[in-house]
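Engineer: If you scroll down you'll find the structure; I have some questions about it.
Rule-based calculations on the coordinates, nothing more; no lab input. What you are looking at is a predicted structure, and each value in this text was computed from that prediction instead of being measured. We place every Cβ from the backbone using ideal geometry, glycine too, and count neighbours over all the protein chains shown.
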Amino acid sequence: MAAARQVLVISGAGVSAESGIPTFRDAMQGLWSRYKPEDLATPAAFARQPEVVWQWYQWRRRLVVDAQPNPGHRALAGLQDCLPGMLLVTQNVDGLHQRAGSKDVIELHGNLFENQCSASDCRHMAPNTDLEATTPPLCPSCGALMRPGVVWFGEGLPEAALARARQAASGCQLLLSVGTSAVVYPAADLAWMVKRTGAVLVEINPETTPLTAVADFVFPGPAGEILPAILRALCPEPSDGAHT
Ligand code: BV8
């Protein structure tokens, strides 16, 4: 990593697991246990039952607001300080990387705390300000229902974000894939792009994924332990303890 001109990091829900945020693969909890996330995170689900989908996102927003970035998030912020060419691309929508101090985070799947108009010819965006409302607000611009500003299954990813991520994947010397099951496309394609360039692929995940067999280095453990260890190895603690 120290020798790489550019390090690309791609993170998934596993990085937020140690902040108490359930990953998509974790069984949905309590009230939501009877739903599958892939069934709720779709335009069809919102069209069919907007209140149920809205309330699921409100529940997730409240979880995230009450959560704190964990040592894994903070280590990635610290690595950015000592690896000038490092770029962080995330599939997560919880904003915890930014709260931990990471800069210029590329959010491939949007952000929980943004709303966008559900009308295809409007797309008005606005920050979500109410965590308790049980029904989606109406678009101030066209009156249609607002929806969470995230990318649902079957929807295209934000073009600029995806283009930046793909450019970094084609130019990096090392990709660090952390906390992702690497099964959701097109985000998961980034690692395969890196493999094709011959760059080094590193994976941090307590479980195996489709990348494990082709990774050059595998750290089979939690991001909250391994990322701080990598930070300590790469960027010896400055005297002022800035990275703690
Ligand atoms: C697209 C935002 C085309 C929403 C998310 C059939 C119909 C339609 C589409 C498809 C289809 N079949 C395939 C597709 C493509 C589909 C896809 O890939 N499906 C998969 C399921 C096969 N992709 C799409 O639909 C994408 N769009 O293709 O549209 C198109 C193109 C152009 C124009 C128009 C249309 C859109 C994909 C984005 C979906 N939105 N999130 C929301 O959050 O509500 S994806 C969502 O799932 C998360 O963002 C996450 O990244 C992803 C996977 O969920 P998880 O598994 O929970 O998370 P993760 O993958 O990160 O796994 C957790 C990992 O962490 C595990 O491996 C675990 O071992 C590990 N872990 C646990 N603890 C720790 C840990 N690791 C480290 N430390 C720990 N402590």
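Engineer: If I ask for residues that are closer than 15 Å to Val7 by Cβ and either buried (at least 18 other Cβ atoms within 10 Å of the Cβ) or of a type in the set (Lys, Arg) (or both), which ones from the range 44-96 would you list?
Structural biologist: So the first thing to find is which residues in the range 44-96 are closer than 15 Å to Val7 by Cβ, and the list is 75-90.
Listed by number, the residues that qualify are Ala75, Leu76, Ala77, Gly78, Leu79, Gln80, Leu83, Met86, Leu87, Leu88, Val89, Thr90.
Every residue, every condition in (1) more than 13 Å from the ligand (Cβ to nearest atom); (2) part of a loop (DSSP other than H, G, I, E, B), yes or no:
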residue: Ala2; (1), (2): yes, yes
residue: Val9; (1), (2): no, no
residue: Ile21; (1), (2): no, yes
residue: Glu38; (1), (2): no, no
residue: Trp56; (1), (2): no, no
residue: Leu63; (1), (2): no, no
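Engineer: Same structure again: Out of all the residues in the range 151-172, which are more than 14 Å from the chain's Cα centre (by Cα) and either closer than 12 Å to Leu87 by Cα or charged (D, E, K, R) (or both)?
Structural biologist: Selection gives Glu155, Glu159, Arg164, Arg166, Gln167, Ala168, Ala169, Gly171, Cys172.
Engineer: Another question about this same structure. Within the range 107-119, is there a residue that is among the acidic types (Asp, Glu), touching a residue at least 40 places away in the same chain (Cβ under 8 Å) and crowded, with 16+ Cβ neighbours inside 10 Å?
Structural biologist: The first filter runs over the range 107-119 and keeps only residues among the acidic types (Asp, Glu), leaving 107, 114.
Checking the rest, the ones that are also touching a residue at least 40 places away in the same chain (Cβ under 8 Å) come to 107.
Next, only the ones that are crowded, with 16+ Cβ neighbours inside 10 Å stay: 107.
Within the range 107-119, one or more residues are among the acidic types (Asp, Glu), touching a residue at least 40 places away in the same chain (Cβ under 8 Å) and crowded, with 16+ Cβ neighbours inside 10 Å.
Engineer: Further question: How many residues does the range 132-154 hold that are within 16 Å of the ligand (Cβ to nearest atom) and loosely packed, with under 13 Cβ neighbours inside 10 Å?
Structural biologist: Matching residues across the range 132-154 total 1.
Engineer: Tally the residues that are within 11 Å of the ligand (Cβ to nearest atom) and either part of a loop (DSSP other than H, G, I, E, B) or out of contact with any strand residue (DSSP E or B) (no Cβ under 6 Å at 6 or more places or on another chain) (or both), restricting the search to the range 80-100.
Structural biologist: Qualifying residue count, the range 80-100: 4.
Engineer: Which of the numbered conditions does Ala188 fail, given that it passes all the others? Conditions: (1) near the ligand (Cβ under 9 Å from one of its atoms); (2) over 26 Å from Ala2 (Cα atoms); (3) free of Cβ contacts under 8 Å to residues at least 40 places away in the same chain.
Structural biologist: (2)
Engineer: Here is a follow-up. Given the options Val202, Val183, Val194, Val218, name the one that is more than 9 Å from the ligand (Cβ to nearest atom), outside any helix (DSSP H, G or I) and over 23 Å from Gly101 (Cβ atoms).
Structural biologist: Val218
Engineer: Please verify whether Leu162 is outside any helix (DSSP H, G or I), within 15 Å of the ligand (Cβ to nearest atom) and farther than 23 Å from Pro220 by Cα, treating the condition exactly as stated.
Structural biologist: So Leu162 fails the test.
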